[in-house]
Structure formats: C-alpha cells, structure tokens
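S.K.: What follows is a single structure, and I will ask about it in a moment.
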Amino acid sequence: MITMQLYYTGTNGSALLFVKEMEETGIAEKIRQEPGNLVYHYYHSLSDPETVLLVDAWADQEALDFHHASPMMQDILNLREKYGLVVRAERYRSDQENIPERDQQYHSH
C-alpha cells in the first residue's frame, strides 16, 4: 500500500474552499471510486487554519499511476491554481506485516 499525504496551504480560507469544491463537484468521490483507491480523506489542521491535509492511499504503484493519468488530475491542478494553493507531498509505504510485536499493543484491531 502507498499512502500520500498532501498538505494544501492557501490564504483567506482558500484551502477549505478547494476542498469544498472537490467534494461538491464530485471530483473527490470519483477518485474514491478509482480502482485501487483505499482512502481519500481531507483533514483541517488545528495548528494552521490555512492548511488542509489530504490522506490518500492506493493498493500499489499501478493504481497510483492510473490515478495520475486520469482526467481528474487536470481538474485538481486547475482547482489548485484557481485557489492559489501551495502543495507539499509526503509518500509512505505500508509496513503492516512488519510491525514489531512490542509495538502491536498500541494498535487497535
């Protein structure tokens, strides 16, 4: 599994307006329906009200590549430009099968 964390930062509430448009136009829901999408959720930062975090997870690189080649990517890029957002991305690979036993007590099942 590949998890992406995208930090969308704007001014005067523009990051929240971006998310609102992503949800209201159905772009976010279409992405959630793409093959291999496991998670696609936005979170509002409590410490930085001008930043919204998107966590999206994909089954594998093939699913992520499919998403990047989809028509929704241009829609996302257009909205990012419309709202003047700066984006910082982080990428993580799942290590679920290798969680040490001493750490497993901290995870709910």
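Every read-out reported here was derived from the displayed coordinates using simple, explicitly stated rules and does not represent laboratory data. Since this is a predicted model, take the numbers as computed values, not measurements. Ideal geometry is used to build each Cβ from the backbone, glycine not excepted, and the neighbour counts take in all protein chains shown.
S.K.: Among 44, 68, what is the fewest-to-most ranking by other Cβ atoms within 10 Å?
M.R.: By the 10 Å Cβ count, ascending: 68, 44.
S.K.: Using the basic label-point model (7 angstrom from Cα toward the beta carbon), what is the residue 93 to residue 62 distance in nanometres?
M.R.: 1.7
S.K.: Just to check I understand the Karplus step: with θ = phi - 60° and J = 6.51 cos²θ - 1.76 cosθ + 1.60, what whole-Hz values come out for the range 67-84, glycine and proline as x?
M.R.: 4, 5, 8, 6, x, 5, 4, 5, 4, 5, 4, 4, 5, 4, 5, 4, 9, x
S.K.: Also, I was wondering about something else. According to the Kirkwood expression over distinct Cα-Cα pairs, how big is the hydrodynamic radius of the chain, in Å?
M.R.: About 15.1 Å for the chain.
S.K.: Take every Cα-Cα pair in the range 31-89 and report what % of them are more than 16 Å apart.
M.R.: Percentage above 16 Å: 53.
S.K.: Taking the Cβ-Cβ separation of residue 69 and residue 101 as r and a Förster radius of 30 Å, what is the calculated FRET efficiency to the nearest 0.05?
M.R.: That gives a FRET efficiency of 0.15.
S.K.: With axes computed from alpha carbons, what is the tilt in degrees of helix 14-24 against the longest principal axis of the chain, rounded to the nearest 10 within 0 to 90?
M.R.: 80
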